[in-house]
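The structure appears right after this line, and notes come after that.
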Number of protein chains: 2
Amino acid sequence: MPDHDFKSPRLFVEADLAEGAAVEATPAQANYLLNVMRLGEADTVLLFNGRDGEWRAVLKRPAKKRLAFRPATRTREQPEPSDLQYFFAPLKHARLDYMVQKAVEMGAGLLQPVLTQHTQVTRINDDRLRANAIEAAEQCGILGLPDCREAIRLDALLDSFPAGRRLVFCDEREDAASPIELLHREARGPLALLIGPEGGFSAKERELLRSRDFVVPISLGPRILRADTAAVAALAVIQAAVGDWLPHDRWQHKD
Amino acid sequence: MPDHDFKSPRLFVEADLAEGAAVEATPAQANYLLNVMRLGEADTVLLFNGRDGEWRAVLKRPAKKRLAFRPATRTREQPEPSDLQYFFAPLKHARLDYMVQKAVEMGAGLLQPVLTQHTQVTRINDDRLRANAIEAAEQCGILGLPDCREAIRLDALLDSFPAGRRLVFCDEREDAASPIELLHREARGPLALLIGPEGGFSAKERELLRSRDFVVPISLGPRILRADTAAVAALAVIQAAVGDWLPHDRWQHKD
């Protein structure tokens, strides 16, 4: 049951957060808070850094051109990091931004681009990936930033896949079966999700995936979904069936 | 199990489709096919009109500046229209476009904007709504266009809600319970989904919704979701739990 403060600006900072610390705002944060939000000294914001929970902090103006935050009270504890891993064939710019933001919103704890045969994008801007993850966390009250990994080829991913984790992939040609029942039966324990490129996986890649015993192919219904839609849809079904949408004592993919 | 032709351009037309009919292309379609796709006489495309299934049609050039389609063979039968109704507080431009496209991809059969207390957008461009629905159908191989209705106020929607249909709404303050179990238990039969505005429903609206016995409040997990994310996530869980992602003989929300 979310019980967040929806009103205060929520900002990611790199610095450690503790009572009374002095945290310098970046120029972009200062501009946003002072000129867009029209806040000033003694107003408060929420801060998080992915490690120390969420803090209410008071704005300070140590000099005319500077803005600092002074954390005052911790408003939320740092939650356990999400163990749900998200592998995706990168899309073109705007759709990739969107897909990364959505994956963070939906609770992915690790983001890793995967290069497949039909992947049209091979150069990934890692800073942009991270900036999108931070933006989604700021907007959606998420305190744990996902681990952003560098791109990997599909065959290398499968060859180095850790024992004990299941890899769910959405196979457009999977026979109609209930994805919920499949997840309940075959995807208890640590999970990863793989979303293919707009053109789908090649026949050879599908064969390769299906030959591995840790791979769980699921169907996302009778319609063709775009890759970014499939990402949100698959994450929703995973979280609802075996993930953190379940009552807390029934989470399955936590270690 | 989707088994579509992914390669051919797929276009919506208003005209009836039958073998040998002559269907005039719009100027936009002609420009796209001739100048962007570089197709010409005797090349083929796929056509649908929301009524007559999907047809493979041959391009004809009756004059230098004109393009026509001649339907040759029906490639898919017209499916039953979806009975899943989708009510949504309109968002600002780009996010509304996106949300409408996603709802169509996810199988909504009716789209209706709903005006709530925190809705920031009150003028809805009905043509744009329909154009987005058509674009999503063209791209995702969907043959049934949703019924696009005019905006309605939330209280009027509830007062005129048809008997026998359940209205699922995503309540951020709903206690953590499995949405799948709730849907299995309380949302068999004809369904509608209501997605609120970015600011959420007001306390009064939530009370009003929860006072109606046809309303089923579900939780979408511990994170705050943006409205467009919540739309895809809720539709995915509904389709997977009680909708058309189930094997065909187990669909629940068909009449």
Shape descriptors of the protein assembly as shown over alpha-carbon atoms, Rg and Dmax in angstrom, are 24.1, 79
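Can you list the GluC sites (Glu not before Pro) in region B:5-110 that are in a DSSP coil and have 14 or fewer other beta carbons within 10 angstrom?
Working: sites: B:14, B:19, B:24, B:41, B:54, B:77, B:105; in loops: B:14, B:19, B:41, B:77.
Here the GluC sites (Glu not before Pro) that fit, given the DSSP loop and packing criteria, are B:14, B:19, B:41, B:77.
Too long at a 32 Å Cα-Cα cut-off: which of A:204/B:92; A:204/B:60; A:7/A:65; A:60/B:204; A:102/B:7?
Table pairs above 32 Å Cα-Cα are A:204/B:92; A:204/B:60; A:60/B:204.
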Distance in nm between pseudo-label sites at residue B:150 and residue B:131 (7 Å out along the Cβ direction from Cα): 2.1
Could you pull out every residue, at least 5 positions away or on a different chain, whose amide H is within less than 5 Å of the one on residue B:75? Hs are placed 1.01 Å off N in the peptide plane, and Pro or chain starts have none. B:54, B:55, B:56
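Volume per residue, Å³, of the convex hull around the alpha-carbon atoms of region A:1-106?
Numbers: hull volume 14.1 nm³, N = 106.
In region A:1-106, the Cα hull volume divided by residue count equals 133 Å³.
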With label points built 7 Å along Cα→Cβ from the Cα atoms of residue B:185 and residue A:139, find their separation and express it in nm. 3.4
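Compute and list, largest first, the equivalent-ellipsoid semi-axes of region A:78-161 from the alpha carbon gyration tensor, each √(5λ) rounded to a whole angstrom.
Working: eigenvalues 95, 48, 16 Å².
Computed over region A:78-161, the values are 22, 15, 9 Å.
Can you sort B:195, B:238 so the residue with the fewest Cβ neighbours within 10 Å comes first?
Numbers: B:195 25, B:238 28.
If I rank by nearby Cβ atoms, fewest first, I get B:195, B:238.
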How far is it, in nm, from the label point at residue B:95 to the one at residue B:73 when both lie 7 Å from their Cα along the line to the Cβ? 4.7
Given the candidates A:15, A:25, A:63, the one whose Cα lies deepest towards the positive end of the charge dipole of region A:10-76, counting +1 at each Lys or Arg C-beta and -1 at each Asp or Glu C-beta, is A:63
In deg cm²/dmol, rounded to 500, what helix-only [θ] at 222 nm does chain B give when every DSSP H run of at least 4 residues adds -39500 (n - 2.57) and the total is split over its residues? -8000 deg cm²/dmol
To one decimal in nm, how far is residue A:130 from the same spot in the other copies, if labels go 7 Å from Cα toward Cβ? Please give the shortest first. 4.9
For region A:70-204, give the magnitude of the charge dipole about the Cα centre (Cβ charges: +1 Lys/Arg, -1 Asp/Glu; no others), in debye to the nearest 20. 260
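For region A:1-68, which chymotrypsin sites (Phe, Trp or Tyr not before Pro) pass both filters: DSSP loop (anything but H, G, I, E, B) and at most 14 other C-beta atoms within 10 Å? Write down the numbers at each step before the final one.
On the way: sites: A:6, A:12, A:32, A:48, A:55; in loops: A:6.
Sparse-neighbourhood loop chymotrypsin sites (Phe, Trp or Tyr not before Pro): A:6.
Can you give me the relative contact order of region A:86-136 as a percent, contacts being Cα pairs under 8 Å and 6 or more apart? It would help to have the intermediate numbers written out before the result.
Numbers: 49 pairs, mean separation 26.8, N = 51.
Answer for region A:86-136 is 53 percent.
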Helix A:126-140 versus the longest principal axis of chain A: what angle, 0 to 90°, nearest 10, using Cα atoms? 70
Helix B:93-105 sits at what angle to the longest principal axis of chain B, using alpha carbons and giving 0 to 90 degrees rounded to 10? 80
Sorted by chain and number, the residues with a modelled amide H under 5 Å from that of residue A:84, at a separation of 5 or more or across chains, are A:109
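Could you tell me the relative contact order of region A:127-255? Use alpha-carbon pairs under 8 Å, at least six residues apart, and round to a whole percent.
Numbers: 132 pairs, mean separation 35.9, N = 129.
RCO, region A:127-255: 28 percent.
Counting DSSP beta bridges with both partners in region B:10-76, what percentage is antiparallel, nearest 5? Each step should come with its number before you reach the end.
Details: 14 of 17 bridges.
Expressed as a percentage, antiparallel bridges in region B:10-76 total about 80.
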Taking amide H positions as placed 1.01 Å from N in the peptide plane, with prolines and chain starts having none, which residues 5 or more places from residue A:147, or on another chain, fall under 5 Å of its amide H? A:110, A:111
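Over chain A, what is the relative contact order in percent, taking alpha-carbon pairs closer than 8 angstrom and at least six residues apart? It would help to have the intermediate numbers written out before the result.
Details: 463 pairs, mean separation 44.1, N = 255.
With pairs under 8 Å counted, the relative contact order is 17 percent.
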Taking every DSSP beta bridge that has both residues in region A:19-141, what percent is antiparallel when rounded to the nearest 5? 80
Along the Cα-to-C-beta direction of residue A:214, a point sits 7 Å from the Cα; which residues of region A:71-85 have their amide N less than 17 Å from that point? A:83-85
Using a label point 7 Å beyond Cα on the Cα-Cβ vector, give me the inter-copy distances for residue A:74 in nanometres, one decimal, shortest first. 6.7
Within 10 Å of each candidate Cβ there may be at most 16 other Cβ atoms; applying that plus a DSSP loop requirement, which trypsin sites (Lys or Arg not before Pro) in region A:207-243 survive? A:212
Quick check on chain B: of the DSSP beta bridges with both residues there, what percent are antiparallel, nearest 5%? 40
May I ask you to evaluate 6.51 cos²θ - 1.76 cosθ + 1.60, the Karplus curve with θ = phi - 60°, for each residue of region B:229-245 and list the ³J(HN,Hα) values in order in whole Hz, giving x for glycine and proline? 5, 4, 4, 5, 4, 5, 5, 5, 5, 5, 4, 6, 7, 9, x, 8, 7
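Restricting to Cα atoms and excluding each atom paired with itself, what does the Kirkwood estimate give for region A:85-252 in Å?
So the Kirkwood estimate lands at 16.0 Å.
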Give a residue-ordered list of calculated ³J(HN,Hα) values for region B:58-74 (Karplus: 6.51 cos²θ - 1.76 cosθ + 1.60, θ = phi - 60°; whole Hz; x for Gly, Pro). 9, 6, 10, 10, x, 7, 4, 9, 10, 9, 10, 10, 10, x, 10, 9, 7
Label distances, nm, residue B:177 versus same residue in remaining copies, Cβ-directed 7 Å point: 3.1
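Treating the beta-carbon of each Lys and Arg as +1 and of each Asp and Glu as -1, no other charges, what is the dipole magnitude of chain B about its Cα centre, to the nearest 20 debye?
Numbers: 34 positive and 37 negative charges, 147 e Å.
It comes to approximately 700 debye.
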Can you give me the C-alpha center-to-center distance between region A:62-113 and region B:1-79, rounded to a whole angstrom? 44
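Any read-out appearing in this document is the output of simple, stated calculations on the displayed coordinates, not a laboratory observation. Computed from a predicted model, the values in this text were never measured in an experiment. Cβ: placed from backbone, ideal geometry, glycine included. Neighbour counts: every protein chain shown.
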